[in-house]
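Student: Before I ask anything, here is the structure I am working with.
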Amino acid sequence: MKIGPTAGVLWRVEVPWSPSSPIVWGDRIFLTTLSDGLLETRCHDRADGRLRWSRGVKPENIEEFHRSDGSPAASTPVTDGRHVVSYFGSFGLICHDLDGKELWRHPLPLAESGGKFGTGTSPIIVGNRVLLNRDQYPYSSLLAVEVETGSTIWETPRPD
């Protein structure tokens, strides 16, 4: 089977531009986007691409980013099948359930990246923890929050 822009395509849907990678869980596809200053977590139907839900957050400021390669929505979301966690360097962490209900927010200071490229780190879920390697300039850290509540479990500075 050939796969390409016109070969092997089941459906096609327009989404706001973002270099984040989509993730698949069952019959759902999740991704992050930036549209008119709104940072969005989106859920599309895997079978036909229709938008099931989109939830956005409007930060006070948008981090600096390289406009041809970066985006304030470059980070890939993560799911454990119950929670969908997205990270935005301009906002922090935000968690929804699979149907789009917001469960918690964990705001973080505006990220500053070396070279003004923009952030691209993605959270992971391990057991009951969301881990985020927040490399930035300055004040890099490794952060762990509870997946159920978004409360900080620990944070370890990563100097230099």
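The values are calculated or read from the model by the stated rules, or taken from the named source; none is laboratory data. Predicted model only: the values in this text are computed from it and were never measured. Cβ coordinates were reconstructed from backbone atoms using ideal geometry, including for glycine residues, and neighbour counts include every protein chain displayed. Areas reflect the complete protein model, heavy atoms only, side chains present, ligands, DNA and RNA absent. Shrake-Rupley method; radii C 1.70, N 1.55, O 1.52, S 1.80 Å.
Student: Determine if the range 139-156 includes at least one residue that is closer than 21 Å to Glu40 by Cα and among the acidic types (Asp, Glu).
Tutor: Taking every residue of the range 139-156 in turn, at least one turns out to be closer than 21 Å to Glu40 by Cα and among the acidic types (Asp, Glu).
Student: Give the residues of the range 1-14 that are β-branched (Val, Ile, Thr) and either open to solvent by 100 Å² or more (accessible area, probe 1.4 Å) or at pLDDT 90 or above (or both), sorted by residue number.
Tutor: Ile3, Thr6, Val13
Student: Residues of the range 16-53 being of a type in the set (Lys, Arg) and open to solvent by 50 Å² or more (accessible area, probe 1.4 Å), which ones?
Tutor: Within the range 16-53, Arg46, Arg50, Arg52 meet the criteria.
Student: Looking at the range 4-19, can you tell me whether even one residue there is touching a Ser or Thr at 6+ places or on another chain (Cβ under 6 Å), free of Cβ contacts under 8 Å to residues at least 60 places away in the same chain, small (Gly, Ala, Ser) and more than 22 Å from Gly150 (Cα to Cα)?
Tutor: yes
Student: Can I ask one more? Please go through the range 107-117 and give me each residue that is in contact (Cβ under 8 Å) with a residue 24 or more places away in the chain and within 19 Å of Val78 (Cβ to Cβ), ordered by number.
Tutor: Leu108, Ala111
Student: Would the range 132-140 turn up any residue that is open to solvent by 50 Å² or more (accessible area, probe 1.4 Å), part of a strand (DSSP E or B) and either within 22 Å of Leu51 (Cβ to Cβ) or at pLDDT below 95 (or both)?
Tutor: Checking the range 132-140: at least one residue is open to solvent by 50 Å² or more (accessible area, probe 1.4 Å), part of a strand (DSSP E or B) and either within 22 Å of Leu51 (Cβ to Cβ) or at pLDDT below 95 (or both).
Student: Also: Determine which member of the set Glu60, Glu64 is open to solvent by 60 Å² or more (accessible area, probe 1.4 Å), closer than 27 Å to Gln136 by Cβ and touching a helix residue (DSSP H, G or I) at 6+ places or on another chain (Cβ under 9 Å).
Tutor: Glu64
Student: Output the number of the condition that Pro77 fails; it satisfies all remaining conditions of (1) open to solvent by 60 Å² or more (accessible area, probe 1.4 Å); (2) modelled with pLDDT of 95 or more.
Tutor: (1)
Student: While we're here: What is the number of the single condition among (1) open to solvent by 60 Å² or more (accessible area, probe 1.4 Å); (2) at pLDDT below 95 that Ser113 does not meet?
Tutor: If we test Ser113 against (1) open to solvent by 60 Å² or more (accessible area, probe 1.4 Å); (2) at pLDDT below 95, just (1) comes out false.
Student: If you don't mind, another one. Going by the structure shown, is Glu102 without any contact (Cβ under 8 Å) to a residue 40 or more places away in the chain and either over 18 Å from Pro59 (Cα atoms) or not small (Gly, Ala, Ser) (or both)?
Tutor: So Glu102 fails the test.
Student: It is to be established whether one or more residues within the range 3-24 are of a type in the set (Phe, Trp, Tyr), in contact with a strand residue (DSSP E or B) (Cβ under 8 Å, 6 or more places away or on another chain) and assigned to a loop (DSSP other than H, G, I, E, B).
Tutor: Within the range 3-24, one or more residues are of a type in the set (Phe, Trp, Tyr), in contact with a strand residue (DSSP E or B) (Cβ under 8 Å, 6 or more places away or on another chain) and assigned to a loop (DSSP other than H, G, I, E, B).
Let's see how each residue does on (1) open to solvent by less than 30 Å² (accessible area, probe 1.4 Å); (2) in contact (Cβ under 8 Å) with a residue 60 or more places away in the chain; (3) over 22 Å from Leu31 (Cβ atoms); (4) polar (S, T, N, Q):
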{"position": "His83", "(1), (2), (3), (4)": "yes, yes, no, no"}
{"position": "His96", "(1), (2), (3), (4)": "yes, no, no, no"}
{"position": "Ile125", "(1), (2), (3), (4)": "no, no, no, no"}
{"position": "Asp160", "(1), (2), (3), (4)": "no, no, yes, no"}
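Student: Another question, then. Take the residues in the range 35-68 that are small (Gly, Ala, Ser) and either in a loop (DSSP other than H, G, I, E, B) or modelled with pLDDT under 90 (or both); name whichever of them is nearest to Gly89 (Cα to Cα).
Tutor: Gly37
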